[in-house]
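Any read-out appearing in this document is the output of simple, stated calculations on the displayed coordinates, not a laboratory observation. Small disclaimer: the values here were computed from a predicted structure and weren't measured. Every residue, glycine as well, gets a Cβ built from its backbone with ideal geometry; the counts of neighbours run over all protein chains shown.
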Amino acid sequence: MKILYSGHPFWFTAFRPFFLLASLQFALFLILWVFNYTQFLRLEVLHSGLVWHMHEMIFGFARAVIIGFLFTAAQNWTGKKLLNGRMLQLFVILWISGRTAFFIPGFLIYLALAADTVLNFTAVYLLVKFLFTPGQKHNRIIALLFAYFSAVQLIVQAALLNYLVPEKIIHLMHMGLLVVVLYVMIIAGRVVPFFTGVVLPEAGTRRVDLLEKNIMWLSLPIPILELSEVGAFAGGWIAAGYLILLAGLHAIRWFFWHPWKTLSKPILFILHISYLWVPVSLVAYALFMLKIATPGIVWHSFGLGVIAMFILGMMTRVSLGHTGRPIVASKNVMLAYFLLGSAVLIRVSVSFWSNVNFGYLVSGVLASIAFLIFFIEYVPVLVSARPDGKQI
């Protein structure tokens with residue numbers, strides 16, 4: 001594959017700027033949210049602090065990583081140049097502009113939200129253009145999911161501006177989050193057993209054909225459960241049963257990857273642990289449908305356990321692999337894994353603490369530090385050229 005770009009290495013591929021920006025945004029915005037929630041400071045933002053927090057974690061942080069990863073992977077899949085140089089710089093400018101929407105007054109809000117929309121639809125156009133081609137049939141779901149994700153964000157923006165169902169905005173956010181969970185299911189299903197088999201062939205990782213052919217099609221309806229009429233159908237029992245079934249299937253999938261055999265490779269083990277949170281989160285969601293579990297447990301199991309942990313694991317691995325460096329987690333990165341894992345456990349159990357606000361604070365600080373460690377550790381990696389002179 002020959003992909004030529006003569007500018008600075010930082011603009012060679014999408015993962016370089018977007019992984020750094022996403023990690024910095026996560027660290028900064030999460031700590032701001034936690035300090036605001038625990039009343040250490042007061043943020044004046046559009047709509048509410050909770051909506052800002054959810055929007056930026058889903059449509060800011062997670063979306064940046066998705067764009068960075070997908071456009072890097074799609075170049076490998078197609079052997080064609082998709083996003084670098086000036087176009088990549090434009091994507092970054094649009095993404096940064098969108099992050100200001102909750103803080104700026106009047107008409108400028110429309111411009112900031114429009115920047116996010118332009119970014120989304122340009123990304124969808126490029127993904128469809130390159131993935132709806134001969135030989136890419138198995139990758140088309142990637143483009144379609146991003147179109148779905150972008151449509152949800154557009155509806156959220158309309159709700160933010162009070163044009164459409166503002167009372168449903170939290171459910172719309174949850175739909176967006178669950179689309180990201182679908183991405184984790186798809187990408188993890190492809191790369192986790194592959195990475196494990198390459199690094200530890202003795203682990204005997206297995207992919208069960210019947211399960212792999214059906215598990216994603218069975219999982220695709222998850223986001224529509226956030227449509228209240230669907231989730232509440234038959235008192236929530238049908239939705240809960242569906243989620244428990246899915247949890248069992250994803251647990252079986254995870255078991256056949258033999259995760260316990262990757263303990264000696266932290267950069268692999270983190271991916272397996274993040275996927276364990278998929279069945280755990282689905283069970284929590286089922287209990288929520290039955291009015292047993294609290295919303296905080298459900299959405300932070302998905303958001304921190306599944307999404308943030310998988311993202312941290314993938315960013316550390318992809319950044320090393322695609323810059324031609326040894327794929328080994330440093331001591332600092334292993335510390336980041338530990339801090340994030342601790343943050344997840346604290347956040348999902350915080351409702352049982354005597355001092356709930358202290359639990360929120362500790363969890364938020366630990367998760368923020370984890371991504372700040374990534375940012376500091378990987379700046380030299382992502383802004384410099386590959387040692388072997390290649391671009392990807």
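Brief remarks follow.
- As a proxy for reagent exposure, ranking MET315, MET216, MET185 by other Cβ atoms within 10 Å from fewest up yields MET216, MET185, MET315.
- Its Kirkwood hydrodynamic radius, worked out from the mean inverse distance over all distinct Cα pairs, puts the stretch 9-383 at 21.0 Å.
- In sequence order, the stretch 50-61 has phi-based couplings of 5, 5, 4, 4, 5, 4, 6, 6, 8, 8, x, 4 Hz under the Karplus curve 6.51 cos²θ - 1.76 cosθ + 1.60, θ = phi - 60°, and Gly or Pro positions carry x.
- Length, then width, then depth: along the principal axes, the Cα atoms of the stretch 168-323 run 47, 31, 23 Å.
- Within straight-line cross-link reach of LYS81, lysines at Cα separation under 23 Å, skipping those fewer than 8 residues along the same chain: LYS2, LYS129, LYS137, LYS390
- Legend: ranking of residues TYR163, TYR378, TYR242 from fewest to most surrounding C-beta atoms inside 10 Å; resulting order TYR163, TYR242, TYR378.
- The helix-only estimate of mean residue ellipticity at 222 nm for the chain, built from DSSP H runs of length n ≥ 4 each weighted as -39500 (n - 2.57), is -22500 deg cm²/dmol after division by the residue total.
- For the chain, complete DSSP H runs whose alpha carbons reach 15 Å or more along their own long axis and whose mean Kyte-Doolittle score is 0.5 or higher are 15-37, 63-78, 85-98, 107-131, 140-160, 169-199, 237-256, 266-289, 309-321, 331-349, 356-383.
- Percent RCO, i.e. relative contact order, over the chain, from Cα pairs under 8 Å lying at least 6 residues apart: 19
- The stretch 259-291 versus the stretch 166-205: alpha-carbon centroid distance in Å: 10
- Label zone at ASP388, where the point sits 7 Å out along the Cα-to-Cβ direction: the stretch 321-363 residues whose backbone N lies under 17 Å: 321-328
- Here the extension length gained between LEU90 and HIS171 equals 26.1 nm, from 0.36 nm per residue of separation less the Cα-Cα distance.
- Summed side-chain charge close to TYR148 - residues other than TYR148 whose Cβ falls under 14 Å, Lys, Arg +1, Asp, Glu -1: +1
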